[in-house]
Amino acid sequence: MATLNLSSLLPGNPGDGRVNVAAFDNGILRLTPTAPVDDSAGAAFSDQIELKNDTSFSTKFEFQTSAVDQPEGFTFIVHNDPAGRDALGGTAPGLGYRPFPLRDPEDYFITNALVVELDTFSNTAEQLFDPIPDVDSGLGAGGNSIEIALIGSNGDRILGGSPEGFQTAFGEFNFNDASVHTAWIDYDGTTQTLQVFLATGTNPPKPATAAFSLNLPAQGTSLETILGGTSGYIGFTASTGGPAQSHEILSFDFLSTPVVDPDPVDPDPVDPDPVDPDPVDPDPVDPDPTLPGPGIPGPQLPLGTLGVTGNNLLKLDGVSGPKEATFSVVKPSRSGAVEIGFFELDDAQGNIKGIAPSSANYMATALPTAKTVFSTQGDLDIQGLDLSRQLALDPTRFYAFFLIQDGTLDSVLNGGPGTVTIASPLLNPSSNQPLRLGASQTGNGLDFNWDLNNDQQFDDFVFRVELGNQGPILGADLQGGPESEVLDLRGLTGQVQLELEVKREASNTNMLGFYRMENAQGTVLDEFGNALNPGDAGYIQAAVRQWAGQPLISPQNGSTQRLTVSVAGDQILAPFLISKGTIEQLLDGDPANDPAVFFPFLGANPGGVDQIKLLGDNTFGFEDLVGGGDFDYDDLVVKINVQPV
């Protein structure tokens, strides 16, 4: 599986004295410039990816061209030319992939290519490879056409449907009106059929009917035949003639999905031949044939593959059950503290519990189901933290990410502060989509690149998702849900050691402690056995009393305190923070000197504000001022390693 986005494409260098005019400008790929450049050609391609006959792929991209009288057009192209990323064809009607010898001194062309042209000008037959007049229909000079070309190893057409090798469809689209248009191009590896869909506007719904469809076997060819192999480069080409016209790719998402072996693990690791070829066993004790021998690893469970749909939904494929994934911060936020989470969706259309994204009550249904992944403090005042989470992904679900600034999910759910940005156009129709995807450097994950200041650079915050068999983190089972900055020690019998690393970046002297909850909703028992819920009178005293006599957890400003405390297993523990005070002050019966105490439960906090944020597995950040302070949640940070004794 391969996933690409606009940042995966790179303008190359043809190396023959010509200039590839394609360039990035504020996050937009401009294949040809607006300023007059006679006979120009531009192209940008990805790295080479695997593309077999049965590899399905789909792409969605938004494009825009400037309105002029005599444009040319651009292409989406999959090729395996020896020049790779540096491949470039001719100018004018060459569209950056085919030759135009009338003006170019050489026959420049790209070989072994599947090309989808969005042709915006009708050239004459004498000008080569544009012999079918585009329909005018009052849309401009020659109108517009979709043309599919299949190019062999010597630049010749290998499509059998017409003498010049083109299949042409005329759409009701004016590509020259300077409007934003959206295209989808899908290749079904099962049927080996290519389909093109077109719509006008930013993030419009995908049409139910393709504007054009082509079955490769019906033309006597295949994807591997066209490419001359089992891999190719993905990208765009464009050109101009005498007049100038900009051809801009505003967004681009690509996903390829190879056919997954339905049985990737040998179902019978035991020798299928039950008869020992050596009838005389030299070892009277026959080792268990199901166990790996010395130095021979046992069978590994398949990890599956991660992919992203054209609507920025994360999807796990290639496995039948949930798999563990690691979420980690690659680049901290440049726009202050942020919190990342996701919605679990029923399908690729974004439905949740049968409710579609277009429904008026969709967000009211979706938000309570959301799960927090982790948070980052932005400038990372607290250094040395491993901001990561281990979470299980379900292959039957789709995942839509969101990001919250100046608040938390708990805060937003309770009507408090926080700005939510949703990273899928299914749920966020804005033309400025905040998320771009790319392959991680490790090779088995995806990088999620965020644009938080609308400069289209997608470098404001980056996190990574990687598959692995690491297993769950002890204590973290409940974390990520509403008001769930807690330790779940249920199932761990006897004593449990909490290895604490506590960092402080605040002028206030604060004290950290833990208390037992009777359930995940925060219920506690007072000294008389009465059940109290967050917000009830006496709740604070009942909670902090449990830590009386335990080790003092209160590092100096700018320092780190490391210690190990022993607690009973088989319980749920919640942290609390006493700001500028002590447990003794809270229990002395004098409410006049009671300091502020903060809990994971908003109902127990003064002002009802979220004061504790989930930074990573078993890692919590605290705000020590009533009302949330500056919302960076780094006044006190605790990372906990749970160790059964």
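Restricting to segment 309-361, count the residues that are of a type in the set (D, E, K, R), assigned to a strand (DSSP E or B) and under 19 Å from V462 (Cα atoms). Steps first, answer last, please.
Step one: of segment 309-361, the residues of a type in the set (D, E, K, R) are 315, 317, 323-324, 331, 334, 339, 344, 346-347, 353.
Now drop any that are not assigned to a strand (DSSP E or B), which leaves 315, 317, 323-324, 331, 339, 344.
From what's left, under 19 Å from V462 (Cα atoms): 315, 331, 339.
Number of matching residues: 3.
Answer with yes or no whether Q521 is surrounded by fewer than 19 Cβ atoms within 10 Å (Cβ to Cβ), in contact (Cβ under 8 Å) with a residue 12 or more places away in the chain and not in a loop (DSSP other than H, G, I, E, B). Let's see the steps before the verdict.
Values: surrounded by fewer than 19 Cβ atoms within 10 Å (Cβ to Cβ): yes; in contact (Cβ under 8 Å) with a residue 12 or more places away in the chain: yes; not in a loop (DSSP other than H, G, I, E, B): no.
In short, no.
Taking only segment 627-641 into account, find how many residues are open to solvent by 10 Å² or more (accessible area, probe 1.4 Å), assigned to a loop (DSSP other than H, G, I, E, B) and at pLDDT 85 or above.
2
How many of the residues in segment 18-35 are closer than 18 Å to A92 by Cα and either open to solvent by 60 Å² or more (accessible area, probe 1.4 Å) or among the aliphatic types (A, V, I, L, M) (or both)? Step through it out loud before you land on a result.
In the first step, residues of segment 18-35 are kept if they are closer than 18 Å to A92 by Cα; the result is 18-22, 30-35.
If we keep only those that are either open to solvent by 60 Å² or more (accessible area, probe 1.4 Å) or among the aliphatic types (A, V, I, L, M) (or both) too, we end up with 19, 21-22, 31, 34-35.
Here the count works out to 6.
Given A43, A2, A87, which one is within 30 Å of W450 (Cβ to Cβ) and at pLDDT 85 or above?
Values: A2 fails: at pLDDT 85 or above; A87 fails: within 30 Å of W450 (Cβ to Cβ).
Exactly one of A43, A2, A87 is within 30 Å of W450 (Cβ to Cβ) and at pLDDT 85 or above, namely A43.
If you take just the strands (runs of 3 or more DSSP E) that sit entirely in segment 538-616, which of them hold at least 2 residues that are out of contact with any Pro (no Cβ under 9 Å at 6 or more places or on another chain) and under 21 Å from K639 (Cβ atoms)? Full working, then the answer.
On the way: elements: 560-568, 572-579, 596-598, 612-616.
So the answer is 560-568, 572-579, 612-616.
Filter segment 325-334 down to the residues that are touching a Gly at 6+ places or on another chain (Cβ under 7 Å) and over 15 Å from G480 (Cα atoms) and list them by number.
P332, S333, listed by residue number.
Looking at A356 and the list (1) in contact with a Phe, Trp or Tyr (Cβ under 8 Å, 6 or more places away or on another chain); (2) at pLDDT below 90; (3) surrounded by fewer than 20 Cβ atoms within 10 Å (Cβ to Cβ), which single condition is not satisfied?
Looking at each condition in turn, A356 falls short on (2).
Please go through segment 361-418 and pick out each residue that is more than 20 Å from N312 (Cα to Cα), modelled with pLDDT of 90 or more, out of contact with any Asp or Glu (no Cβ under 6 Å at 6 or more places or on another chain) and of a type in the set (V, I, T).
V412
Does at least one position in segment 205-217 carry a residue that is under 30 Å from S153 (Cα atoms), part of a helix (DSSP H, G or I) and open to solvent by 20 Å² or more (accessible area, probe 1.4 Å)? Don't jump to the end; show me each part of the working.
So in segment 205-217, the residues under 30 Å from S153 (Cα atoms) come out as 210-217.
So of that shortlist, the ones also part of a helix (DSSP H, G or I) come out as 217.
Subsequent filtering for residues that are open to solvent by 20 Å² or more (accessible area, probe 1.4 Å) retains 217.
Taking every residue of segment 205-217 in turn, at least one turns out to be under 30 Å from S153 (Cα atoms), part of a helix (DSSP H, G or I) and open to solvent by 20 Å² or more (accessible area, probe 1.4 Å).
Where the second residue is open to solvent by 20 Å² or more (accessible area, probe 1.4 Å) and part of a helix (DSSP H, G or I) and the first is polar (S, T, N, Q) and lies in segment 212-231, which pairs have Cβ atoms under 9 Å and are six or more apart or on separate chains?
From segment 212-231, the pairs are T230/E224.
Check whether at least one residue in segment 169-184 is open to solvent by 10 Å² or more (accessible area, probe 1.4 Å), at pLDDT 85 or above, in a loop (DSSP other than H, G, I, E, B) and of a type in the set (V, I, T), and report yes or no.
Yes, segment 169-184 has at least one match.
What pairs come out if I take residues in segment 88-106 that are more than 17 Å from V21 (Cβ to Cβ) and of a type outside the set (V, I, T) and pair them with residues that are at pLDDT below 65 and not in a loop (DSSP other than H, G, I, E, B) whose C-beta lies under 9 Å away, six or more apart or interchain?
L102/E126; L102/Q127
Going residue by residue through segment 545-563, is there one that turns out to be in contact with a Phe, Trp or Tyr (Cβ under 7 Å, 6 or more places away or on another chain) and either aliphatic (A, V, I, L, M) or under 27 Å from G480 (Cα atoms) (or both)?
Applying the first criterion (in contact with a Phe, Trp or Tyr (Cβ under 7 Å, 6 or more places away or on another chain)) to segment 545-563 yields 546-547.
With the extra rule that they be either aliphatic (A, V, I, L, M) or under 27 Å from G480 (Cα atoms) (or both), the set shrinks to 546-547.
Checking segment 545-563: at least one residue is in contact with a Phe, Trp or Tyr (Cβ under 7 Å, 6 or more places away or on another chain) and either aliphatic (A, V, I, L, M) or under 27 Å from G480 (Cα atoms) (or both).
The values are calculated or read from the model by the stated rules, or taken from the named source; none is laboratory data. These figures come from a predicted structure and were not determined experimentally. Virtual Cβ from ideal backbone geometry, glycine too; neighbours counted across all protein chains shown. The protein model used for the area step is the full one, side chains on, heavy atoms only, and it has no ligands, DNA or RNA in it. Shrake-Rupley method; radii C 1.70, N 1.55, O 1.52, S 1.80 Å.
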